[in-house]
C-alpha cells in the first residue's frame, strides 16, 4: 500500500533529505524539513526527516512560525516506533509537537496516581491509546445482551473517570483511541448475532465509547474505523506477541497522519475553505468552448456521474461548515451561467467567493483569502 497517497510524490526524497542535512543554518534546515514533510514518505524516510528537524524544532520553532503543542501518549501498546511519524506529520501542518510517553501499560496510574514526569510535562493534549488486549471484558460466550451491556457500561465508566482526571489535572483536551478487534471470529458470518462473541463485544464497546466521547467532549482517534485502510499492518498477532505493537512500523506514517490531523484541529490549524476549479473539475469539458449543454455532468456517462458525485461531496462539506470558493480561468458570466445546468449539485449561492478571470491563479487564491478574511494556509485548492 502506498503510504500517504494523497500527498505528492517527490522524485528522490532520500537524496533531498541527504542534501538538507548539509545545510548549516538550523532554521533554514528546519524550513526545508517542513517542506519535505509534505511529500509521500515511508517509515524510514519519516525517521530521517524527524532527525533532520529535531535540533531546529528545539531551537527555532517560534522563528519558523510553528505552533507548539504538548501531547502525552498514555498507551496499553508499544508506541515508541510511532513517535517520529507523529512529529513529522505535525511538522507538515506547521506544528511543533513535543511528545511524552508514559511507561508501557501504566495509563491508569499516570492519571489516577502521582506521575511527576507527566505533571512536569503539563500536556495540552492527552491520547489514551488503548487496544483490545487491555482489560478484556471477561464474559462467557453464552452471556446475554444485558450482561454484555452491563460489562460495557462498567468499562466506559472507567474511561470517563480517566478522561475527567486528565481534564481536571491538566486542563487538557482528551483523545480516545477506539479498539481494533484482535481475536479471530468464532462464529464466522454469525459473529455479530452472538452478543458475547469477542468481535461483537468490541463493536458494542466502541459504540459506547463513541457515544460517551460525544457527551463528554472527548475527541476520537477512531482506529477501528480506519482499520480497513491500514490492512494487514494493524493488530497482527505475531507482531503483538513479539513487541506488543498494535500498529506495524510500516504503517507508522499513516497513524501519525491521523493523530496529527486531530492535534492540528485542537491548535486551530484546520483548513476552513475548499477552493474549486471549474472546467474538468466540477464538470467534464470546458464551459467556454462546449457550452452548458456540452459539458459532462450527471447521469448517463461514467465521467458525468463522477463529477456529480464530487459535487455532492463538496456540497456536504459546505453543510458541515466548510467555506466553498471558486478560482477559475474563465469569463465570469460564462462560469456563473454553468451553475444553471439542471444536474448541478452545487448552486451559485453555495459559493462564498467566486473569482473567475484570466489572471494568475496564485494571485487569485490570495485574493480569495483576503475576501474571506482567512489565511492562505486555511485554503485547500482542487484543480484538474
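Read-outs: derived from the displayed coordinates by stated rules, not from any lab. Note that the coordinates shown come from a computational prediction; the quantities given were computed from them, not determined experimentally. Here Cβ is always computed from backbone atoms with ideal geometry, including for glycine, and neighbour counts include all displayed protein chains.
For the peptides 372-380, 343-351, what is the packing order when you average, over each peptide's residues, the other Cβ atoms within 10 Å and list the highest mean first? Mind dumping the intermediate values first?
Details: 372-380: 13.8, 343-351: 15.8.
Sorting 372-380, 343-351 by mean packing, highest first, produces 343-351, 372-380.
Going by alpha carbons, how many degrees (0 to 90, nearest 10) lie between the helix axis of 361-372 and the longest principal axis of the chain?
Taking Cα atoms only, the helix is inclined about 70 degrees.
If you fit an axis through the alpha-carbon atoms of helix 83-92 and take the longest principal axis of the Cα set of the chain, what angle between them do you get, 0 to 90°, nearest 10?
It is inclined by approximately 20 degrees.
Among 358, 225, what is the fewest-to-most ranking by other Cβ atoms within 10 Å? Display every interim value, and only then the final one.
Values: 358 9, 225 14.
Fewest-to-most Cβ neighbours within 10 Å comes out as 358, 225.
Any idea how far the Cα center of the stretch 217-236 sits from the one of the stretch 255-328, in Å?
26 Å
Give the percent of DSSP beta bridges with both residues in the chain that are antiparallel, rounded to the nearest 5.
Values: 2 of 35 bridges.
In the chain, DSSP labels about 5 percent of beta bridges as antiparallel.
What angle, in degrees between 0 and 90 and rounded to the nearest 10, separates the Cα long axis of helix 145-170 from the longest principal axis of the Cα atoms of the chain?
Approximately 80 degrees, to the nearest ten.
Which of these values of volume of the Cα convex hull per residue in Å³ was calculated from the structure shown: (i) 210; (ii) 133; (iii) 182?
Derived directly from the coordinates: (iii).
As a check on your grasp of the helix formula, calculate [θ] at 222 nm for the chain: sum -39500 (n - 2.57) over DSSP H runs of n ≥ 4, divide by the residue count, round to the nearest 500. Provide the component values of the computation, followed by the final result.
Values: 15 runs with 174 residues, N = 384.
Calculated at 222 nm, the ellipticity per residue is -14000 deg cm²/dmol.
Just grab the label-to-label distance for residue 299 and residue 215, each label 7 Å out from Cα along the Cβ direction, in nm (one decimal).
4.3 nm
For residue 168 and residue 190, compute 0.36 nm times the residue count separating them, minus their Cα-Cα distance, and round to one decimal in nm.
Values: separation 22, 0.36 × 22 = 7.92 nm, distance 4.30 nm.
Once the chain is fully extended between residue 168 and residue 190, it gains 3.6 nm.
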